[in-house]
Amino acid sequence: MKIKAIIPAAGFGTRFLPTTKAVPKELLPIIDKPAIQYIVEEGVNSGIKDFVIITNKYKKAIEDHFDKFLELSNALKNNNKEILLQDIDKVIEKAKFLFIKQHEQLGLGHAISMARPAFSDEHLAIFLPDDIFSCQTPAMSQLIKVAIQEKCNVIAVQEVPKEDVSRYGIIDVRRQFTPNLFQVKDLVEKPARNAAPSNLAIVGRYVLSPGIFESLEDLQAGSGGEIQLTDGIQNLLFSGEKVFAYKIQGERFDAGTIVGWLKTNIEFALKHPKYSQEIQRLLSNLDRDLLIMQGKAEALKPKNQKLFF
Ligand code: UTP
């Protein structure tokens, strides 16, 4: 299967304002690397060589990140510090990048449709850079395997608590094949809690046939006033293409909100050989402080308080 990656990265990142006024959300660090670098590394480790990144005119820094910086490389070499750029240089050597601008932020579906001129008959491996996976087998590689085996479109899903369904696209299951593999009957973007057909939420990885470009054409704005990729996939289904959903084997980190990004950083720091011990110490001190604070608050509560209703 011929395949190219698309990483939509042209959004405003409003949940991180004012930081993201001038700094692309996709370049916010998870420990020592920008979020989007984890994504490209996952793509490269899944065997993908071509990456189409959708940006806007204020996100030139993303292009710079995936370009060689010879003066810096030479300066580091002179100080025996080349190791600092080793990972990103490896990615730059293995992958080819094409940057396409989305001039109006009309939604994820619209961002994907911007990549059409870069594709002929290749499948699309779509990565949403907010979702970072930690898996033994790279998340995209798991989806590609299913797409090849079943000769179909595949979207990544994860079970979410009922109260969270309205934050996601949710699938309606036609058939379950294994504990992790489903055929999709329909999908609905951000349904109300009691209208959700399941609690299987679409998370940020997809392998789609090039038919998706036609399915996105002339699509009207949907949920949230945006042109939604979920609506495009629904059109793909209605045009007769098979869509499967696969529960990714591994852990997903949602780095697209402030709290999610903080949690991702803490979890990654705990696994990082250089920072793990220090962070463990910090967390156990914080835990102790928290217990003391809670104890004090408890002690300050008036005793034998009578309750009146
Ligand atoms: P999000 O909605 O999570 O990102 O879109 P956002 O719009 O940048 O962030 P908030 O919601 O305002 O905080 C998912 C992905 O799709 C891209 C975003 O850059 C993000 O990586 N996107 C979204 C586009 O490329 N274009 C769009 O019009 C919308």
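What the table shows:
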read-out: Long pairs among 25/90; 77/274; 81/145; 94/274; 185/247, criterion Cα-Cα beyond 28 Å; value: 81/145
read-out: Local net charge near residue 76, Cβ-Cβ under 11 Å (Lys/Arg +1, Asp/Glu -1); value: -1
read-out: Cα-Cα pairs of the chain separated by more than 27 Å (percent); value: 48
read-out: Mean Cβ count within 10 Å, highest first, over the residues of peptides 9-22, 51-64; value: 51-64, 9-22
read-out: Paramagnetic label zone (point 7 Å from Cα along Cα-to-C-beta, residue 172; backbone N under 12 Å) in the range 191-207; value: 195-198
read-out: Using a Förster distance of 22 Å, the FRET efficiency for residue 49-residue 134 (Cβ separation, nearest 0.05); value: 0.45
read-out: Relative contact order of the chain, pairs being alpha-carbon contacts under 8 Å that are 6 or more residues apart, as %; value: 20
read-out: Net length gained if the chain between residue 282 and residue 87 were fully extended (0.36 nm per residue, minus Cα distance); value: 67.4 nm
read-out: Those aspartates and glutamates that a straight Cα-Cα span of less than 15 Å connects to residue 59, excepting residues fewer than 8 apart in one chain; value: 26, 67, 104
read-out: The range 5-133, relative contact order in percent, only Cα pairs under 8 angstrom and at least six apart counted; value: 42
read-out: Under-5 Å amide H pairs with residue 6, H placed in peptide plane, nonlocal only; value: 52, 125, 126, 127
read-out: Alpha carbon centroid spacing (whole Å) that separates the range 53-121 from the range 170-220; value: 29
read-out: Förster radius 25 Å - calculated FRET efficiency between residue 69 and residue 96 (Cβ-Cβ, nearest 0.05); value: 0.90
read-out: Label-zone membership for the range 8-46, site residue 104, 7 angstrom Cα→C-beta point, backbone N under 17 Å; value: 10-12
read-out: Neighbourhood charge, 12 Å Cβ-Cβ cut-off, centred on residue 115 and excluding it, Lys, Arg +1 and Asp, Glu -1; value: +1
read-out: Loop-located GluC sites (Glu not before Pro) in the range 161-250 whose Cβ has at most 15 other Cβ within 10 Å (DSSP); value: 217
read-out: Helix-only [θ]222 nm of the chain, DSSP H runs n ≥ 4, -39500 (n - 2.57) each, per residue, nearest 500; value: -10500 deg cm²/dmol
read-out: Kyte-Doolittle at least -1.0, axis length at least 24 Å by Cα - qualifying DSSP helices, the chain; value: 276-300
read-out: Listed peptides 258-267, 168-177 by packing density, highest first (mean Cβ within 10 Å); value: 168-177, 258-267
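Throughout, read-outs are computed from the coordinates displayed, never taken from laboratory work. Just so it is clear, the model here is predicted, and its values are computed rather than measured. Cβ sites come from the backbone with ideal geometry, for glycine too, and all protein chains shown count toward neighbours.
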